[in-house]
Amino acid sequence: MTEELDLLIEGKIYSNGEIVEAYLGVVDGKVAGIWISGTFKYREKRALESKEVALPGMMDIHVHMRGLEQSYKEDWFSGTEAALRGGVTAILDMPNNKPWIRDENTLMRKMEEAKNMALVDYGFYLGVPRSAGELDKVKDFVVGIKIYPDEISDYLDPILQRAKELGLFRIFHAEVEGDEVKGIRTVMKFIEKYGGHITHVSSAEGVRLLLSAKSQGIEVSMDTCPHYIWLTERDIDWRGYVRPRIKSSMDMTVIKSSVKSCLFDAISTDHAPHTEEEKKGGATGIPGLETALPLLFTSVYKGEFPLKAIDLYSRNPADIFGVKKGCFLPGNDADIVIYDYSDRRKIRGSDFSSKAKFTPFEGFEVVGRVSSVYIRGVLALDEGDLKVSRGFGKPIVRGKSFHFE
């Protein structure tokens, strides 16, 4: 290697479903390569400890960062600090804020908040607009549109058609009167025409329906969330109220098996903070950015999931959106998580950086923690200390995705 590297990391490196003893190089904020051996010139070197591993930065495609009139629940600083401490270097934010993000004006307000406060990289979904023409105004600023259950009607056809023409992702919350299976069957008539993604799949029958649709060549993808992988309805109290609801042990078994077999296209958290008072009053949604990677790594460490399952929260989401993140391919953003698995700890909501200090995973024992995080080659978090300032995060530039163009 003749080029001088800005950063050289030596030790255990995760790459393509394997952990190898290797060197990871960074130049100008991009991955330069992974080498098993060689002689290198570098400005800075980090030698990993025996129980540290370099993972790609996680990408969460379903996050409610709140802000605007809901900043008391979460704002772009607290939420992206939570992401950073959870090893998440890129997030995609949902539009159901106050005000709802359905047009250019409200989107610009949210973008300004993110620009001034975000610590990690970010992108936005638009809510279903009043007309398809609104999509042309915002196409360069959003990654896709989010469709909620009460918006599922024939009114969607021209909007979904234009979204497809513009290459904007179509992501559905598939529930009808609280019934996920009925919701999936309802939205499939649109997905069969325009392609789409069903988020936070929570049921065994939902998985079966979507795998069947995939086998028929329908352009559909799906994700699930940690609370459906590791919890059942018997495990939760007020801290576990979500939509779709957490279901039976049979549903969890099928979800977990599908993660193990990498049948899902992605894992997302549906990070959705509330105050404790709101939550105890029945509000649905939980914080998840600080627990997802430790839970996933623990299952991988214990042999419950293959190493490749890490891609469901890193490489796969980036590939879906055509973003050069999520894996250590040369030219990708050098988003690197140093994960220390030397000990075990218990999850405590009181430790969160999120404004929401509760979790249905309270007391769960996990292996290890996020030690350091680099974003675009810059050390952003080191041994718990923030190394970057508000506004360090940058907008994600949507690339050409292999999904639904």
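Read the figures in this text as sums done on the coordinates, not as results from a lab. Keep in mind that this is a model prediction, so the values were computed, not measured. As a convention, Cβ positions derive from the backbone with ideal geometry for all residues, glycine included, and neighbour counts pool all protein chains shown.
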Quiz item: Going by how many other beta carbons lie within 10 Å of each one, how would you line up ASP319, ASP351, fewest first?
Solution: ASP351, ASP319
Exercise. Check cross-link reach from LYS189 to the lysines: straight Cα distance under 26 Å, and skip same-chain residues fewer than eight apart.
Key: LYS139, LYS146, LYS164, LYS214, LYS247, LYS400
Self-check item: Given charges at Cβ of Lys, Arg, Asp, Glu: the chain dipole, positive-most of GLY303, GLY178, LEU329
Solution: GLY178
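How many percent of DSSP beta bridges within the chain run antiparallel, rounded to 5? Provide the component values of the computation, followed by the final result.
Numbers: 36 of 68 bridges.
Bridges in the chain are about 55 percent antiparallel.
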Quiz item: What list of ³J(HN,Hα) values in whole Hz, one per residue of the range 4-17 in order, does the Karplus curve 6.51 cos²θ - 1.76 cosθ + 1.60 (θ = phi - 60°) give from phi, with Gly and Pro shown as x?
Solution: 6, 8, 6, 8, 10, 10, 10, x, 6, 10, 7, 8, 6, x
Quiz item: aspartates and glutamates within cross-link reach of LYS51: Cα-Cα under 15 Å, excluding same-chain residues under 8 positions apart?
Solution: GLU10, GLU21, ASP340, ASP343, GLU383
Exercise. For the chain, find the longest principal axis of its Cα atoms and tell me its angle to the long axis of helix 249-260, 0 to 90°, nearest 10.
Key: 50 degrees
Quiz item: Where does each of TYR122, TYR341 land when they are ranked from fewest to most other beta-carbon atoms within 10 angstrom?
Solution: TYR341, TYR122
Self-check item: Shape of the range 17-101, Cα gyration tensor, a/c cut at 1.5
Solution: prolate
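Mind putting a number on the dipole of the range 104-239 about its Cα centre? Charges go on the C-beta only, +1 for Lys and Arg and -1 for Asp and Glu, and I need it in Debye to the nearest 20.
Here the range 104-239 has a charge dipole of around 280 debye.
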Quiz item: To the nearest 500 deg cm²/dmol, what mean residue ellipticity at 222 nm is calculated for the chain from DSSP H runs of n ≥ 4 alone, each contributing -39,500 (n - 2.57), summed and divided by the residues?
Solution: -7500 deg cm²/dmol
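Using DSSP to define loop residues, name the GluC sites (Glu not before Pro) in the range 292-366 whose beta-carbon has at most 10 other beta-carbon atoms within 10 Å.
Working: sites: GLU304, GLU362, GLU365; in loops: GLU304, GLU362.
For GluC sites (Glu not before Pro) across the range 292-366 that sit outside H, G, I, E and B with at most 10 neighbouring Cβ atoms in 10 Å, the list is empty.
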Self-check item: Residues listed by number, the range 349-366, amide nitrogen under 16 Å from GLU276 label point at 7 Å toward C-beta
Solution: 349-363
Quiz item: Counting only the backbone N, which residues of the range 46-64 are under 19 Å from the spot 7 Å out from the Cα of ARG390 toward its beta-carbon?
Solution: none
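Does the range 311-405 classify as rounded, prolate or oblate by the C-alpha gyration tensor (a ≥ b ≥ c root eigenvalues; a/c under 1.5 gives rounded; else a/b over b/c gives prolate, otherwise oblate)? Don't jump to the answer; show the numbers that get you there.
On the way: a/c = 1.88, a/b = 1.61, b/c = 1.17.
Judged from the Cα gyration tensor, the range 311-405 comes out prolate (a/c at least 1.5, a/b above b/c).
Note down the magnitude of the dipole of the chain about its Cα centre, charges +1 on Lys and Arg C-beta and -1 on Asp and Glu C-beta and zero elsewhere, to the nearest 20 debye.
Values: 55 positive and 61 negative charges, 33 e Å.
Value, rounded to 20: 160 debye.
With a/c under 1.5 counting as rounded, go ahead and sort the range 142-258 into rounded, prolate or oblate using the C-alpha gyration tensor (a ≥ b ≥ c being the square roots of the eigenvalues; past the cut-off, prolate if a/b is larger than b/c, else oblate). Kindly include the intermediate steps, with their values, before the conclusion.
Details: a/c = 2.19, a/b = 1.74, b/c = 1.26.
Verdict is prolate for the range 142-258.
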Quiz prompt | Ranked list, fewest to most other Cβ atoms within 10 Å of each Cβ, for PHE264, PHE297 | solution = PHE264, PHE297
Quiz item: Once fully extended, how much extra length lies between ASN16 and GLU165, figured as 0.36 nm per residue of separation less the alpha-carbon to alpha-carbon distance?
Solution: 50.4 nm
